[in-house]
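Beneath this line is the structure, given in structure tokens, with notes to follow.
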Amino acid sequence: QVQLVESGGGLVQPGGSLRLSCAASGSIFSMYVMGWYRQAPGKQRDLVATITMGGDTNYVDFAKGRFNISRNNAKNTVYLQMNSLKPEDTAVYYCNSHPPVGSWGQGTQVTVSS
């Protein structure tokens, strides 16, 4: 079973940037499409962006133009570059396949505040 470990979160001011990483303990080749998700306090977990094995990407509306998802299959790692961050981006960010399977990682907290 693949284990996913997210990192890179933190406290950032509005307009700032963060780069999140998701390391898989096993091969992610079996997870053809990978995704980043986020969950704000008291809200459901939502999809943020997806990326196929070949690098095709899709973003939900709030992420378009600000976020960039990428992956390094040789390193079993998926990234999320987040720019122009807003307070409403505050959430715990997770990665998983899309659709998600198995257990979720612990996530990484992103807090956007002045």
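The values are calculated or read from the model by the stated rules, or taken from the named source; none is laboratory data. Please read all numbers here as calculations on a predicted model, not as lab measurements. So basically every Cβ, Gly included, is an ideal-geometry build from the backbone, and we count neighbours across all protein chains shown. We work out accessible area using only protein heavy atoms, side chains counted, and drop any ligands, DNA or RNA first. Shrake-Rupley method; radii C 1.70, N 1.55, O 1.52, S 1.80 Å.
Restricting segment 59-72 to residues that are assigned to a helix (DSSP H, G or I) and open to solvent by 30 Å² or more (accessible area, probe 1.4 Å) leaves a set whose member that is farthest from Ser17 (Cα to Cα) is Asp61.
If you go through segment 70-81 one residue at a time, do you hit one that is among the aromatic types (Phe, Trp, Tyr) and over 13 Å from the mean Cα position of the chain (by Cα)? There is no residue in segment 70-81 that is among the aromatic types (Phe, Trp, Tyr) and over 13 Å from the mean Cα position of the chain (by Cα). Among residues of segment 47-58 being open to solvent by 10 Å² or more (accessible area, probe 1.4 Å) and not in a loop (DSSP other than H, G, I, E, B), the one that is nearest to Tyr32 (Cα to Cα) is Thr50. All conditions in (1) among the charged types (D, E, K, R); (2) within 11 Å of the chain's Cα centre (by Cα); (3) exposed (fewer than 15 other Cβ atoms within 10 Å of the Cβ) hold for Glu6, with the sole exception of (3). Taking each residue of segment 36-52 that is within 14 Å of Thr90 (Cβ to Cβ) and touching a residue at least 24 places away in the same chain (Cβ under 8 Å) and looking for partners that are open to solvent by 10 Å² or more (accessible area, probe 1.4 Å) and among the acidic types (Asp, Glu) with beta-carbon atoms closer than 9 Å, six or more apart or interchain, yields Arg38/Asp46; Gln39/Asp46; Ala40/Asp46; Ala40/Glu88. Among the residues here, Leu20 does not qualify as hydrophobic (A, V, I, L, M, F, W, C), part of a strand (DSSP E or B), over 15 Å from the mean Cα position of the chain (by Cα) and at pLDDT 95 or above.
Restricting to segment 86-103, name every residue that is hydrophobic (A, V, I, L, M, F, W, C) and more than 12 Å from Arg38 (Cβ to Cβ). Scanning segment 86-103 gives a single hit, Val101. Pairs are defined by a Cβ separation below 8 Å, a sequence spacing of at least 6 or placement on different chains, a first member in segment 87-114 that is part of a strand (DSSP E or B), and a second member that is acidic (Asp, Glu); the pairs so defined are Tyr93/Glu6; Tyr94/Glu6; Cys95/Glu6; Thr108/Glu6; Val110/Asp89; Val112/Glu88; Val112/Asp89. When the residues of segment 90-107 are filtered to those that are closer than 16 Å to Ser7 by Cα and out of contact with any Phe, Trp or Tyr (no Cβ under 7 Å at 6 or more places or on another chain), the one that is least open to solvent (accessible area, probe 1.4 Å) is Ala91. Scanning segment 73-86 for residues that are in a helix (DSSP H, G or I) and open to solvent by less than 70 Å² (accessible area, probe 1.4 Å) yields one hit, Asn73.
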